[in-house]
Structure formats: structure tokens, C-alpha cells
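Presented below is the structure to which this report refers.
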Amino acid sequence: MFRSTKSQAVIGLALLILTGLAQAGSFGVSPIRVTLTPQQPTGVLTVRNQSDQETVVQVQANAWSQQDGTDVLEESADLIAVPPLFTLPPGGSQVVRVGLRRPPAVEGELTYRLLLREVPPPPADDFTGLRVALNLSLPVFVLPAGGAQPELQGGLTRDADGAVGLQLLNAGNAHAQLQRFELTKPDGSVLNSPALSVYLLPGQSRSWDLEADALPGRWSLSAMTDAGPVEFEMEFE
């Protein structure tokens, strides 16, 4: 019943599932995201080699922003990950420490992503297949001293053909990870979204087309985010 009108950039990354472990074919990372605060300015990741072969992993820090519903990553020296390159023996693990080189923002959350890339070994002389290097992308959030909170706002739209759309805006100063939502129409019927894992960074919005009749009146939205449930009403004329 829902179709996103903005596609998130894949940027060659493996998608992260909503569990305590992000896993690719040869290595896994725990936890799947890092939150830094003035009281806790460093974080720790554990990377585990779950294959029977030696694996080399490179870590790159990127500033993370969004534009028109897509992720934008730019390599940044603001965030440091140590060690940035390491070799994992079969079944082995490595602790990676993450910290911020610059002061936190006075107001609002800073957002980064750590890219963990497998560095494949040179192929054997008789190798004729295709070797795919594995990549994982982990979000890193840096909170200001006063804390930060998301604030979801929404509205319904109608295009020239009469199709109904939903637009959600994060008007807060921290990210919101949208996991699911449902809309209750004025006649009491309910539209349920599929399972989601959509990040809305501060000031960013995202839209969905709704396969629904354009019923005028008061619509209700109930959403589940990583910051907890959100509910509000929207008037549609």
C-alpha cells in the first residue's frame, strides 16, 4: 500500500539488519551503531572473522548527510577509528576504538558513517571467477552536551492526478530511524506500512505514495522509531 518516492543511495554497501550484529559473508560487527556523548566521547566495535580464511579489513570514516532523500557520504578526518587497517585470522576478532577529533556541536547531533571494507587478497594465477569485496556501513551519532531529540511532523499531499502521498519531516535536532508506521483514515480503515529501516536526519524529509482513496478529514499517523512511538493527526482537505 506504500511506495517510497525517494530511494536511498546504496553506495555499494551491504544493508544492515535491525539486530545486535551486522554480518557479511566473512566478517561481522557488533554493535551495529555507535553513539558518542560528551560524557562518553569514545566507542568500541568488535569485528569478528566468521570465515575459515584470513581477512583484511579497512575502516574509513565519513561525514553523513542527506539530500533529497538520499544519503551523501564524504570522507572525513573528524572521526577516528583505530586501527584503520587490520588482519583477522580465521575465527579471530579485533577491537576498533572510535572517537571524535573535533568538539561536539553546541546544538544538534553530528552524524557519520564508518565503512568497513574487506580488502581481498590478490587472485591466484588460475582464478577465473568473480571476487566480491564485502562492505558494511555503520552509523555513528555524536550528541551535544544538552542532548538532542528528533521531532517527526507529517502531512498529506495530492498530486495533479489526485493520488495521495504522505510526507514526513524530521524537524528535530537528532536523527529518527523509522521502523514502521500506520495511517488511520477518516472512515476508520487502516493502512499499514511494510517493515522499514529508514533514517531521517535532522531537517530532512521523505515521501511515500499511498494506494488509498483521497478521503477528506482527519487522518491519524502512528509510527515506531528508535526513539519510541510517535503519534499525531493530519487534516486533509
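Odds and ends about this structure:
- Residue satisfying all of: in the range 41-75; within 30 Å of Q167 (Cα to Cα) and outside any strand (DSSP E or B); modelled with the highest pLDDT among these: D68
- Scan the range 170-181 for residues that are among the small types (G, A, S) and part of a strand (DSSP E or B) and the total you get is 1.
- Residue check for G165: out of contact with any helix residue (DSSP H, G or I) (no Cβ under 7 Å at 6 or more places or on another chain), over 30 Å from I80 (Cα atoms), assigned to a loop (DSSP other than H, G, I, E, B) and not charged (D, E, K, R): no
- Tally, over the range 182-231, of residues that are in a strand (DSSP E or B), of a type in the set (S, T, Y) and within 20 Å of G69 (Cα to Cα): 4
- Just one of the listed residues (G43, G69) is on the phi > 0 side of the Ramachandran plot and surrounded by 13 or more Cβ atoms within 10 Å (Cβ to Cβ), namely G69.
- Summed over the range 72-89, residues that are under 30 Å from L200 (Cβ atoms) and either surrounded by 12 or more Cβ atoms within 10 Å (Cβ to Cβ) or in contact with a strand residue (DSSP E or B) (Cβ under 7 Å, 6 or more places away or on another chain) (or both) total 10.
- In the range 115-141, of all residues being touching a Lys or Arg at 6+ places or on another chain (Cβ under 9 Å) and at pLDDT 90 or above, the one that is farthest from P38 (Cα to Cα) corresponds to N135.
- Inter-residue pairs, beta-carbon under 9 Å, first under 15 Å from F141 (Cα atoms) and in the range 81-108, second of a type in the set (D, E, K, R), 6+ apart: A81/R97; L100/D78; R101/D78; R102/D78
- Per-region count, the range 181-201, residues surrounded by 15 or more Cβ atoms within 10 Å (Cβ to Cβ) and under 14 Å from the mean Cα position of the chain (by Cα): 5
- Filtered residues of the range 10-40 (kept if surrounded by 14 or more Cβ atoms within 10 Å (Cβ to Cβ) and at pLDDT below 50): I11, L13, A14, L16, Q23, A24
- Each residue in the range 90-114 was checked for being surrounded by 12 or more Cβ atoms within 10 Å (Cβ to Cβ) and closer than 24 Å to N135 by Cα, and 14 of them qualify.
- Residue match in the range 61-72 (condition: touching a residue at least 12 places away in the same chain (Cβ under 8 Å), among the acidic types (D, E) and within 22 Å of Y199 (Cβ to Cβ)): yes
The values are calculated or read from the model by the stated rules, or taken from the named source; none is laboratory data. Just so it is clear, the structure is predicted and the values come from calculations on it, not from any experiment. Cβ: placed from backbone, ideal geometry, glycine included. Neighbour counts: every protein chain shown.
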